[in-house]
Amino acid sequence: MRKVPEPLILDGRAAARAIRAELAREVDRLRAGGCSPKLAILLAGDYAPSQIYVRSKERACREAGILVETAPLPANSGLGLLQAKVEAWNRDDSVHGIIVQLPLPDGLDSTALVDAVSPTKDVDGLTTTSSGLLMKGTPGFVPATPAGIVELLVRNRIALSGRRVVVVGRSELVGKPLANLLLLRGERGDATVTVCHTKTANLGAVCRSAEILVAAAGRAGLVTGEMVAEGAVVVDAGINRTEEGIVGDVDFPTVVRRVSAITPVPGGVGPMTVAMLLANTVRAAREHSAGHRAR
């Protein structure tokens, strides 16, 4: 049997550290010019995973020198109260980025609340305006997970232009925006993209057609070795909590033997998501500062 070379492990933690260091230098420059980048986080309810994610974002902000303000509100807060908080941040010139931590407690309209965020502060890239701009090919802020996936590939010199990319998953957070991002013109896009999901007929055959396969369906172990072409690049964007711990959508032991590069879970896409949220926040601060200077 021909020996398959050891795959490249796409280390999201190392890439995220490098990004935070780059951002810290830019934050210093912005502060020297009188602008201190600041992120505001709305956290409704006491859902434990959301609290963990928020603490991770707060810690990453501090490492990059970004100010952060978190507003924890009770799960029974009405939509009007939550929207009022977002609108207050919209008016606050010291706040450059706003995120609504999802999921929201049952009964709250997440679309209505997210759409209350000003597009100029929508560093999660989830408002209807941001989604529409990305689909049109003129993106404002891009959702952090898709942006992080592309950034991780680019930093590892994995070409996208002209490549066959299969995205397994059609969520508003990852699958759909990632497909639109990969279709953009330029060296960070120009991919030939197929989007499929758990209801796709012959899913394995579709996945085997991919040079780059992104698993983002939210189902543990969905993608197995027999579904992956030899030498493919595999990106696992899944985060699933099981009795064995956190696992991705890729069955790592059977897939890793066949691929040229793969992301681990944890330590792959997750750190990149937080890093790109910070990058969006610094960009928002930079654009805000430039707008003020132009007045």
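What the table below lists for this structure:
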item: Odd one out for Val195, checked against (1) more than 21 Å from the chain's Cα centre (by Cα); (2) surrounded by 14 or more Cβ atoms within 10 Å (Cβ to Cβ); result: (1)
item: Criterion (over 16 Å from Val167 (Cα atoms) and hydrophobic (A, V, I, L, M, F, W, C)) met by exactly one of Ala275, Ala220, Ala210; result: Ala275
item: Unmet requirement for Leu113, which otherwise passes all of (1) out of contact with any helix residue (DSSP H, G or I) (no Cβ under 7 Å at 6 or more places or on another chain); (2) over 20 Å from Ile19 (Cβ atoms); result: (1)
item: Subset of region 226-259 [within 13 Å of Val214 (Cα to Cα), among the acidic types (Asp, Glu) and not in a loop (DSSP other than H, G, I, E, B)]; result: Asp236
item: Residue list for region 157-184, filter: on the phi > 0 side of the Ramachandran plot and either buried (at least 18 other Cβ atoms within 10 Å of the Cβ) or of a type in the set (A, V, I, L, M, F, W, C) (or both); result: Gly169
item: Verdict on Glu187 being closer than 23 Å to Pro49 by Cα, modelled with pLDDT under 95 and surrounded by fewer than 19 Cβ atoms within 10 Å (Cβ to Cβ); result: no
item: Every residue from region 98-155 that is free of Cβ contacts under 8 Å to residues at least 40 places away in the same chain, farther than 24 Å from His288 by Cβ and of a type outside the set (Gly, Ala, Ser); result: Asp106, Asp109, Thr111, Val150, Val154
item: Qualifying residues in region 115-129 (those that are crowded, with 23+ Cβ neighbours inside 10 Å and more than 14 Å from the chain's Cα centre (by Cα)) - the one farthest from Arg185 (Cα to Cα); result: Val117
item: Some residue of region 163-178 being assigned by TED's automatic domain parsing to the domain that holds Ala232, over 21 Å from Val223 (Cα atoms), touching a helix residue (DSSP H, G or I) at 6+ places or on another chain (Cβ under 6 Å) and of a type in the set (A, V, I, L, M); result: no
item: Subset of region 198-222 that is surrounded by fewer than 17 Cβ atoms within 10 Å (Cβ to Cβ) and of a type outside the set (D, E, K, R) - its residue that is nearest to Pro266 (Cα to Cα); result: Thr198
item: Any helices (runs of 4 or more DSSP H) falling wholly within region 1-102 and containing at least 3 residues that are under 17 Å from the mean Cα position of the chain (by Cα) and outside the structural domain of Ile246 (by TED's automatic domain parsing); result: 12-32, 48-64
item: Selected residue (only one of Thr254, Thr263, Thr281 is more than 22 Å from Ala15 (Cα to Cα) and not acidic (Asp, Glu)); result: Thr254
item: Where a residue in region 246-275 is in contact (Cβ under 8 Å) with a residue 40 or more places away in the chain and its partner, wherever it lies, is among the acidic types (Asp, Glu) and in a loop (DSSP other than H, G, I, E, B), with Cβ under 6 Å and at least six apart; result: Arg258/Glu230
item: Residue within region 272-284 that is modelled with pLDDT under 95 and not polar (S, T, N, Q) present; result: no
item: Matching residues in region 260-286 - criterion: being surrounded by fewer than 24 Cβ atoms within 10 Å (Cβ to Cβ), in a loop (DSSP other than H, G, I, E, B) and touching a helix residue (DSSP H, G or I) at 6+ places or on another chain (Cβ under 9 Å); result: Pro264, Val265, Pro266, Gly267
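The values are calculated or read from the model by the stated rules, or taken from the named source; none is laboratory data. Nothing here was measured: the structure is a model prediction, and the numbers come from that model. When we count neighbours, we look across all protein chains shown, and the Cβ atoms used for this are built from the backbone with ideal geometry, even at glycine.
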